[in-house]
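The values are calculated or read from the model by the stated rules, or taken from the named source; none is laboratory data. In this text, all values refer to a predicted model and were calculated from it rather than measured experimentally. Because the Cβ atoms are built from the backbone with ideal geometry, glycine has one as well, and the counts that use them run over all protein chains shown. Just so you know, the surface numbers come from the protein's heavy atoms only, side chains and all, with ligands and any DNA or RNA stripped out. Shrake-Rupley method; radii C 1.70, N 1.55, O 1.52, S 1.80 Å.
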Amino acid sequence: MIAMDKIEAAKERFGKLLEEQLLRVEEMKAQGDFINYKELDQIIVGVCGGDGIGPAITGQAQRVLEYLLKDDIKSGKVLFKTIEGLTIERRAEENAAIPPAVLAELKECHVILKGPTTTPRKGDPWPNVESANVAMRKELDLFANVRPVRIPEQGIDWTFYRENTEGAYAVGSKGIHVSEDLGVDFTVVTSQGTERIIRAAFEFAKANGKTRVTAVTKANIIKTTDGKFLDTFKEIAKEYPDITADDWYIDIMTAKLVDEKRRKDFQVVVLPNLYGDIITDEAAEFQGGVGTAGSANIGKRYAMFEAIHGSAPRMVQEGRDIYADPCSMIRAGAMLLAHIGYTKEADKLYHALDICTITEKKVVLTGRDTGATSAKFADYLMETIENL
Ligand code: IPM
Ligand code: MG
């Protein structure tokens with residue numbers, strides 16, 4: 001006996017989801033162009049420490065940024081603003097992915113430096129609130145998740161453009177248990193959402209002398225949503241005749257990334273949300289692990305910069321947070337600098353990071369008391385910059 005009432009109830013919820021998504025399409029259509037930081041009297045940088053080791057490593061990244069921007073902070077051109085309350089305790093208390101007061105503060109900033117935040121899982125002591133990252137990406141419409149992976153000695157220089165607001169994540173926490181036995185999740189694609197991420201990837205390639213952009217989908221199977229992504233990619237590629245555009249399916253792409261002969265050839269990779277999530281962890285692993293990677297979440301009005309790893313609560317429980325490696329957050333900080341127009345300072349920071357973590361390594365982090373503290377490492381980094 002098919003329970004028609006259950007189907008009706010599911011249809012109703014599905015209808016609501018579609019309404020929300022169509023509204024989002026209208027909002028995207030109404031959106032203006034990217035903000036121009038040069039035209040602002042003051043750039044406000046919001047800093048959220050997050051959970052676990054977040055406050056410790058974010059604090060060190062902030063120190064380094066404040067050091068690099070000291071003149072413009074003094075003149076008032078740049079203002080750092082600490083935003084409290086993006087913590088799992090507060091989120092649990094208010095049963096919100098981002099407490100409304102925190103969101104209001106975030107919206108007063110132009111760019112945000114964000115430490116890792118705890119994403120509750122089933123069985124955790126916390127209510128199963130949506131991930132703060134995902135919520136922030138949606139609330140601030142940060143549609144481009146840009147994740148660079150560079151391993152110069154192996155000839156690897158990849159930039160991933162992961163779509164950040166749609167796909168499996170758009171309504172990831174709003175799937176429907178139709179009956180006790182049947183559950184359905186949804187994946188979402190829109191013309192506007194797809195065009196803007198693909199265009200951003202090509203524009204980045206064009207501006208940075210890259211000669212190839214690769215799309216990654218599973219359009220042979222997921223025909224509607226991935227199919228649209230791939231079709232849009234092929235259309236937009238025609239506007240960039242000097243750039244080679246090719247496409248791969250996600251399964252073979254994960255294999256190609258471990259193929260040392262072929263992987264060097266990839267340059268810019270653009271992909272739907274979930275594939276981007278998965279493949280950027282794989283890619284970061286070659287570079288030395290997710291702890292080494294920073295991530296930029298860019299929208300037209302706001303941008304947020306974060307590490308791609310989690311909050312490592314065990315390190316805090318064992319009292320080791322002061323020894324946590326702050327490089328991922330510092331790299332996120334370098335991306336922030338470049339994004340708001342401080343390219344000289346960003347380059348200095350990247351250069352110093354190479355010296356401190358690869359060529360010179362006078363201060364070594366081990367994640368425990370056998371190595372230096374994150375503060376000591378940040379001191380070393382600033383000294384290195386001073387002497388560049
Ligand atoms: C990432 C993370 C997040 C994601 C989690 C923490 C919600 O894995 O930034 O890649 O799935 O996007
Ligand atoms: Mg991830």
Check your understanding: Hey, any hits in the stretch 291-308 for a residue that's open to solvent by 40 Å² or more (accessible area, probe 1.4 Å) and within 16 Å of ligand 2 (Cβ to nearest atom)?
Key -> no
Exercise for review: Could you check, for the stretch 193-201, whether at least one of its residues is open to solvent by less than 50 Å² (accessible area, probe 1.4 Å), among the polar types (S, T, N, Q) and away from ligand 1 (no atom under 16 Å from the Cβ)?
Suggested key: yes
Check your understanding: Residue check, Asp281 against (1) farther than 27 Å from Gly46 by Cβ; (2) free of Cβ contacts under 8 Å to residues at least 60 places away in the same chain; (3) in the same structural domain as Phe160 (by TED's automatic domain parsing), all met but one. Which one?
Key -> (1)
Review point. What residue, of Ile355, Ile308, is more than 16 Å from ligand 1 (Cβ to nearest atom) and within 30 Å of Ala144 (Cα to Cα)?
Key: Ile355
Exercise for review: Go through the stretch 197-215 and count every residue that is modelled with pLDDT under 95 and touching a helix residue (DSSP H, G or I) at 6+ places or on another chain (Cβ under 6 Å).
Suggested key: 0
Check your understanding: Has the stretch 20-29 got at least one residue that is open to solvent by 20 Å² or more (accessible area, probe 1.4 Å) and over 25 Å from Gln192 (Cα atoms)?
Key -> no
Check your understanding: Do you know which of the residues in the stretch 257-288 that are out of contact with any Ser or Thr (no Cβ under 8 Å at 6 or more places or on another chain) and under 20 Å from Lys234 (Cβ atoms) is farthest from ligand 1 (Cβ to nearest atom)?
Key -> Asp265
Exercise for review: Name the single residue, out of those in the stretch 151-164 being surrounded by 15 or more Cβ atoms within 10 Å (Cβ to Cβ) and away from ligand 1 (no atom under 13 Å from the Cβ), that is nearest to Ile35 (Cα to Cα).
Suggested key: Tyr161
Practice item. Could you tell me which of the residues Ala334, Ala283 is within 15 Å of ligand 2 (Cβ to nearest atom), under 25 Å from Gln60 (Cβ atoms) and buried (at least 21 other Cβ atoms within 10 Å of the Cβ)? Key: Ala283
**Study point:** Enumeration of residues in the stretch 309-331 that are within 16 Å of ligand 2 (Cβ to nearest atom) and open to solvent by 20 Å² or more (accessible area, probe 1.4 Å)
**Key:** His309, Gly310, Ala312, Arg331
Exercise for review: Please verify whether the stretch 260-275 includes one or more residues that are surrounded by fewer than 22 Cβ atoms within 10 Å (Cβ to Cβ) and within 14 Å of ligand 2 (Cβ to nearest atom).
Suggested key: yes
Review point. Going by the structure shown, is Glu345 within 16 Å of ligand 2 (Cβ to nearest atom) and among the charged types (D, E, K, R)?
Key: no
**Study point:** Residue tally, condition at pLDDT below 95 and basic (Lys, Arg), over the stretch 289-330
**Key:** 1
Practice item. Scan (1) free of Cβ contacts under 8 Å to residues at least 60 places away in the same chain; (2) open to solvent by less than 50 Å² (accessible area, probe 1.4 Å); (3) not polar (S, T, N, Q) for the single condition Val146 breaks and write down its number. Key: (1)
**Study point:** Every residue from the stretch 44-76 that is in contact (Cβ under 8 Å) with a residue 24 or more places away in the chain and not in a helix (DSSP H, G or I)
**Key:** Ile44, Val45, Gly46, Val47, Cys48, Gly49, Gly50, Asp51, Gly52, Ile53, Leu69, Gly76
